[in-house]
Amino acid sequence: MGLETDIKQKKFDTEHEKAVINILYAASWIDTKNIKRFKPHGITTQQFNVLRILRGSYPKKLMLSDISSRMIDKNSNATRLVEKLRLNGYVTRVQCTDNRRQVDIAITQKGLDLLAVIDTETETWLKSFKTLTTQECRTLNDLLDKLRG
């Protein structure tokens, strides 16, 4: 077991190269788990991220730029994500009366209810990550923060 076995690569040029590939591989593994986690709820990982951002600011409304700046995946199309969530009744979009270019976005009760259901499943989902101790998670977080500088 290990990265070499998982991706069938015998060696890496440097430990730095291996670390970067290992991070990318782990991120893909977690993303795949998230896709499966949210599929029964009819949302994507990016839509989940938008809903969590809006719940975090609730009841305050946010502008699209606020949401975009807080997104985990900076390449996400926040406009498209918000529109899909709006069509499903999870968020509202209201044009600001003072500034017609500003659109205020808020999570609806339906969006809050969806997150509440997902919250009940979170502990089970997190069990797959319990192979790391709390201290190992702190160390990993510190190392990842250091890597991003």
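The values are calculated or read from the model by the stated rules, or taken from the named source; none is laboratory data. On a predicted model such as this, the values are computed, not experimentally measured, just so you know. Counting neighbours? That spans all protein chains shown, and the Cβs are built from the backbone with ideal geometry, glycine included. Side chains are part of the model used for accessible areas, which takes the heavy atoms of the whole protein and leaves out ligands, DNA and RNA. Shrake-Rupley method; radii C 1.70, N 1.55, O 1.52, S 1.80 Å.
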Taking trypsin sites (Lys or Arg not before Pro) that fall in a DSSP loop and have at most 14 other Cβ atoms within 10 Å as cut points, what is the longest piece of the chain between them? 12-59
Counting only protein heavy atoms and a 1.4 Å probe, tell me what percentage of the chain's accessible area is made up of carbon and sulfur. 55 percent
Among the listed pairs Lys84/Lys110; Lys8/Lys39; Lys33/Lys61; Lys39/Lys61; Lys33/Lys60; Lys33/Lys130, which have their C-alpha atoms separated by more than 20 angstrom in this model? Lys8/Lys39; Lys33/Lys61; Lys39/Lys61; Lys33/Lys60
Between Val91 and residues 5 or more places away or on another chain, the pairs with built amide H atoms under 5 Å apart involve Arg86, Thr108
Would you calculate the separation in nanometres between label points at Ile21 and Arg55, each defined as 7 Å from the Cα along the Cα-to-beta-carbon direction? 3.7 nm
Relative contact order, percent, the stretch 56-149 [alpha-carbon distance under 8 Å, six or more residues apart]: 23 percent
Considering the stretch 1-141, what Rg and Dmax in Å follow from its alpha-carbon atoms? 18.7, 61
In percent, what relative contact order does the stretch 8-75 have, based on Cα pairs under 8 Å that are 6 or more apart in sequence? 20 percent
The stretch 98-148: projected area of the alpha-carbon convex hull, averaged over directions, in nm²: 7.0 nm²
